[in-house]
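The values are calculated or read from the model by the stated rules, or taken from the named source; none is laboratory data. If you're wondering where the values come from, they're calculated on a predicted model, not measured in any experiment. Here Cβ is always computed from backbone atoms with ideal geometry, including for glycine, and neighbour counts include all displayed protein chains.
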Amino acid sequence: MSTNQNDNSLPMGKPAPSVPTFACLVYLSQDESGKSIARVANLGGLQATGASPRDAMMRVCREFKEIVRTAHAAGETIDWIDPPVEPAPGEQVRSIPVHL
């Protein structure tokens, strides 16, 4: 017979390692040709284009993740833009959680 009062608890063992998560703040717009543009507002210099908003966001998030992962693994300070730049007129705002 178990002494555990909570029958819904998980088995005891080693805790799962925590996975760092960072917010990638993306502003979406379209250029004159209809391509989607995604730019990161909280980490400078990152922008990507794609045939669709999803494609552009996937590309820029991939770059974001690589930069943050490399800096985090090396113990370097990440150069966040705080507060983030303001969106331009017509830009849509998306906050994407990025897991390393």
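All of (1) surrounded by 16 or more Cβ atoms within 10 Å (Cβ to Cβ); (2) over 10 Å from the mean Cα position of the chain (by Cα) hold for Val68 with one exception: (2). If you check Ser18 against the conditions, is it within 20 Å of Pro97 (Cα to Cα), among the hydroxyl-bearing types (Ser, Thr, Tyr) and either at pLDDT below 95 or touching a helix residue (DSSP H, G or I) at 6+ places or on another chain (Cβ under 9 Å) (or both)? In short, yes.
Listed by first and then second residue, the pairs with beta-carbon distance under 9 Å, at least 6 apart or on different chains, first residue in the range 74-95 and among the β-branched types (Val, Ile, Thr), second assigned to a loop (DSSP other than H, G, I, E, B), are Ile81/Ala41; Ile81/Asn42; Ile81/Gly44; Val85/Ala41; Val85/Asn42; Val85/Gly44; Val93/Ala41; Val93/Pro87. Quick check, is Glu63 surrounded by fewer than 19 Cβ atoms within 10 Å (Cβ to Cβ) and under 11 Å from Val98 (Cβ atoms)? Criteria met by Glu63. Selection of the range 12-61 for residues being over 12 Å from the mean Cα position of the chain (by Cα), more than 17 Å from Glu86 (Cβ to Cβ) and among the hydroxyl-bearing types (Ser, Thr, Tyr) yields Ser18, Ser33, Ser36, Thr49, Ser52. Within the range 28-40, residues that are touching a residue at least 60 places away in the same chain (Cβ under 8 Å) and farther than 21 Å from Pro97 by Cβ have Cβ atoms under 9 Å from residues that are in a strand (DSSP E or B) and basic (Lys, Arg) in these pairs: Ser29/Arg39, counting only partners at least 6 apart in sequence or on another chain.
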